[in-house]
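The values are calculated or read from the model by the stated rules, or taken from the named source; none is laboratory data. As the structure is a computational prediction, the values presented were derived from the model and not from experiment. Neighbour counts are summed over all protein chains in view; Cβ atoms, including those assigned to glycine, are modelled from backbone coordinates with ideal geometry. Heavy atoms of the whole protein, side chains included, go into the accessibility calculation; ligands, DNA and RNA do not. Shrake-Rupley method; radii C 1.70, N 1.55, O 1.52, S 1.80 Å.
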Amino acid sequence: MFGYARCSCHHQDAIYEINELIKLGVKRENIYIEYISGGKTRNERPEYDKLMKKLEENPGSILVSTDFTRLARNNLDIFNLTGDMEKLKICLKVSGFTIDCRNAVLDPISELLIGIMGQFATFDLKNKRFQCRIGIDGALARGVKFGRREKTKESLENDPKFLKYYFKWKNKEITLCEMQRLLGVKSRTTVYNWIKLFEGK
């Protein structure tokens with residue numbers, strides 16, 4: 001059994017999905033975790049690509065995900081997923097559904113079901129983008145300025161998220177790279193500069 005979990009960005013936590021996959025019988029070491037937008041295609045998802053290569057090495061495996069939106073959110077990926085299921089003889093378990101291609105080709109009803117779930121996933125992504133665009137346009141019309149506020153020693157001292165991961169890093173419970181990911185920051189240099197600012201260096 002192999003599992004796939006995905007969060008749209010680094011500051012989100014995939015622990016809920018991971019725990020659900022473990023409950024469904026997937027070993028932790030067989031869970032592939034991606035921090036990337038659902039709008040990205042399979043070729044743009046390194047962990048998903050690694051998972052598919054692993055499934056190629058283990059034909060007849062079970063692929064588990066908590067929600068179809070984790071796996072595919074565009075028609076091309078939906079088409080590729082159905083092709084992979086037949087080619088690799090995969091059993092897919094997602095959102096309470098089980099579609100088993102280990103002993104037979106994908107039947108028309110199952111293919112239709114995947115297509116319907118995929119279309120809902122595609123619609124959900126497009127709708128979220130549309131709502132975000134409306135929100136951004138409305139905020140800009142009200143004069144709201146976007147962008148990250150400049151950090152100060154005082155703001156860091158009052159930032160519970162920074163404090164939580166700073167002390168974890170200080171106690172060597174996490175690495176600087178992990179701290180960067182958990183804080184949702186693009187650069188380790190930025191995190192290091194925050195640490196120096198916080199420590200008054």
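Of note:
- Taken over the range 167-193, the criterion of being open to solvent by 80 Å² or more (accessible area, probe 1.4 Å) and among the hydrophobic types (A, V, I, L, M, F, W, C) is satisfied by PHE167 alone.
- Qualifying position, being without any contact (Cβ under 8 Å) to a residue 60 or more places away in the chain, open to solvent by 60 Å² or more (accessible area, probe 1.4 Å), among the aliphatic types (A, V, I, L, M) and more than 29 Å from LYS186 (Cα to Cα), among LEU112, LEU106: LEU112
- Unique match (being surrounded by fewer than 17 Cβ atoms within 10 Å (Cβ to Cβ) and modelled with pLDDT of 85 or more) among GLU56, GLU34: GLU56
- The residues on offer are LYS201, LYS128, LYS164, LYS145, and the sole one that is of a type in the set (Lys, Arg), open to solvent by 50 Å² or more (accessible area, probe 1.4 Å) and at pLDDT 80 or above is LYS164.
- Qualifying residue in the range 96-112 (condition: at pLDDT below 90, of a type in the set (Ser, Thr, Tyr), in contact with a strand residue (DSSP E or B) (Cβ under 6 Å, 6 or more places away or on another chain) and part of a helix (DSSP H, G or I)): yes
- Yes/no for ARG28 being touching a residue at least 12 places away in the same chain (Cβ under 8 Å), out of contact with any Pro (no Cβ under 7 Å at 6 or more places or on another chain) and open to solvent by 20 Å² or more (accessible area, probe 1.4 Å): no
- Hey, THR66 more than 23 Å from GLY25 (Cα to Cα) and under 18 Å from the mean Cα position of the chain (by Cα) or not: no
- Selection of the range 81-103 for residues being closer than 16 Å to GLU47 by Cβ and either among the acidic types (Asp, Glu) or open to solvent by 30 Å² or more (accessible area, probe 1.4 Å) (or both) yields only ASP84.
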